[in-house]
Amino acid sequence: MERMDNKIVNTNEPIPVLSFFTGGGFMDMGFIQAGFDVIWTNEIEPAFAEFYGQGITSWKRKHKLLPKGQNCSISNTNSIKEISSDTIISEAFGDKVPSLFGVIGGPPCQDFSINGNLEGFKGERGSLTDTYLCRILELNPSFFIMENVTGLIRVKKNAKHFLDLLNTISEEYLIDWEVLNSLEFGIPQSRERIFVVGLNRKHFDLSSICPDLKGKWFPFHEKQKYANPHKKYKWPQAIAFGTKNIEKPKDIPLQLCLESCLVPKDKESTISNADEYFNLLGDKRRFSVIQEGETNRPSFKRLHRYKYSPTACYGNNEVHLHPYQHRRLSVREALRIQGVDDSYVLTTQNLLSKKFKMIGNGVPVPLAKAVAETLKEFIDKLVIL
C-alpha cells in the first residue's frame, strides 16, 4: 500500500509483520498465505526454533516462497523481556522503518489455561502478556494481533487485569477482541482461543469505523465456514474399540472429522513424520476397553474417526489415542489437526515430546489465515494518515 491524496492504493507489496512467540511458525504461515510478509521472528525455546527452521523452510520451498539455496531461521532467540525495542526495529528494518507494519504473537498461555497452574499474570509466563503489549506500545506498529487461551477472560482475576491492559493500550489503539473456535473455520478440533486486534489511531483514519453498542467493530467471523457446528450436526456417540464398517454420518463434512487427518498404516513409511508416535506401554488390553469417541476422560482420550478432536493438545495431562489402532496419534496427524499441510517436515529425529508440545502450542493455520485475510481486507478500506 502507498499513500496518495489521503487514499489507500493497493499495490502488490506485502505488508511487513514482526512475529513474537513464533514457535513452529503456524500463525506466520496463516499470515503469509493471506499476503503479509513475516520479516522478523522471535522464539526462545531452542527445539522450537530448530523445528521452525526445518518446517518453514520445507513449506516455503514446496510453495515456491523461498529462493533456491536459502533456509529459514528464527531472527532472534532471546526472551522478549531481554530484547530492546530499538534492537527489534534495527534487526527487522535497519535504518528505514516503513509507514505500515504489524506485530503478531501469542504469548505463552500455561498460566491462564484451565489445564495449567492458573497463576495468571503473576506467573513467569503470564507476565509475558504484559511485556508483549508494552513492546507493542514501544514499537508503535500500525496494527497488532494477539492470541491466547480463553482463561485470559473467563477467569475473573485474569479478566480484570486483561481488560485493564486493553484499556491502557486503547489510548493508542482501537481495540476489539473475540473468542473463536477452530471448528467453525473448518479445522477438525474444538479449540477456543481469544483473538485481540488493534489499529493504531495515529496511523489510520478510523472515523469510518462504527462500533456497535458493545463496542464491537472487527468482523472476526467473516471467514467462518461453519455456523454452530457443535449443535448443527448429530455427532456420533462412543462405540467399542475395534468396531468395523463404520459409515460417516452423511450430513457431517469430512473436513470436520478426525478421519481426514489420519494416516493409513500402509502410508506411514511414505509420509514424513507419519511414523513418529509414542507406543502404548503395557498390556494392550488395558487400552482396548477405552471406547472410540470416549473423550470425557482426564487422559488417554480415544478420539472418534467421524468427530472432531477436543483440542490439539497432546502429552502431559491429555493423551489422544488413535480411534482404531493401538497407538497414540502421530506427529503428522497432530500437524494435520492444526491445519498444517504435509510439506511442513520436521527432520530432527526423536524429541517427540518437544514436537508434540510445539504443535499443541501453535495457532491452527487456517484460523490464523482467516483472521489475517479479514484484517488485510479491513485495512485495505482504511485511509492512512
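Derivation of every value follows stated rules applied to the coordinates shown; laboratory data play no part. All of these numbers come straight from a predicted model, not from anything done at the bench. Cβ coordinates were reconstructed from backbone atoms using ideal geometry, including for glycine residues, and neighbour counts include every protein chain displayed.
What to note about this one:
- Cα gyration tensor shape for the chain, rounded if a/c is under 1.5, else prolate or oblate: prolate
- For the pair Asp205 and Lys231, a Förster radius of 56 Å applied to the C-beta separation gives a FRET efficiency near 0.85, rounded to the nearest 0.05.
- The modelled label-to-label distance for the pair Phe93/Asp266, using points 7 Å beyond Cα in the direction of Cβ, is 5.7 nm.
- Dipole moment magnitude, nearest 20 debye, the chain about Cα centre, only Lys, Arg, Asp, Glu C-beta charged: 1660
- Estimated vicinal HN-Hα couplings, Hz - the stretch 321-334 in sequence order (Karplus 6.51, -1.76, 1.60; Gly, Pro = x): 9, 4, x, 9, 10, 7, 6, 7, 5, 8, 4, 5, 5, 5
- Selected from Ile252, Ile209, Thr270, residue furthest toward positive end of dipole (the stretch 197-302; charges at beta carbon): Ile209
- Pairs of C-alpha atoms in the stretch 165-242 farther apart than 20 Å represent 50 percent of all such pairs.
- Extent along the principal axes, Cα only, for the stretch 226-385: 67, 41, 30 Å, with the longest axis given first.
- Amide hydrogen neighbours beyond the local backbone of Asp37, cut-off 5 Å, H modeled: Ile15, Val17
- Whether the stretch 165-321 is rounded, prolate or oblate, judged on the alpha carbon gyration tensor where a/c under 1.5 counts as rounded: prolate
- Comparing Glu138, Glu50, Glu333 in a Gaussian network model of the chain (Cα springs below 10 Å), the most mobile by mean-square fluctuation is Glu138.
- Taking each of Lys216/Lys376; Lys157/Lys216; Lys62/Lys357; Lys248/Lys357; Lys157/Lys214; Lys81/Lys355 in turn, the alpha-carbon distance tops 27 angstrom for Lys248/Lys357.
- Within the listed set Pro188, Pro253, Pro298, the Gaussian network model of the chain (springs between alpha-carbon atoms below 10 Å) gives the highest mean-square fluctuation for Pro298.
- For the residues Gln54, Gln349, Gln325, a GNM of the chain with alpha-carbon springs under 10 Å puts the largest fluctuation on Gln349.
- Overall form of the stretch 8-99: oblate. Here a/c, set by the Cα gyration tensor axes a ≥ b ≥ c, is 1.5 or more, and a/b is not larger than b/c.
- Think of each Lys and Arg Cβ as +1 and each Asp and Glu Cβ as -1; about the Cα centre, that makes the dipole of the stretch 269-329 roughly 220 debye.
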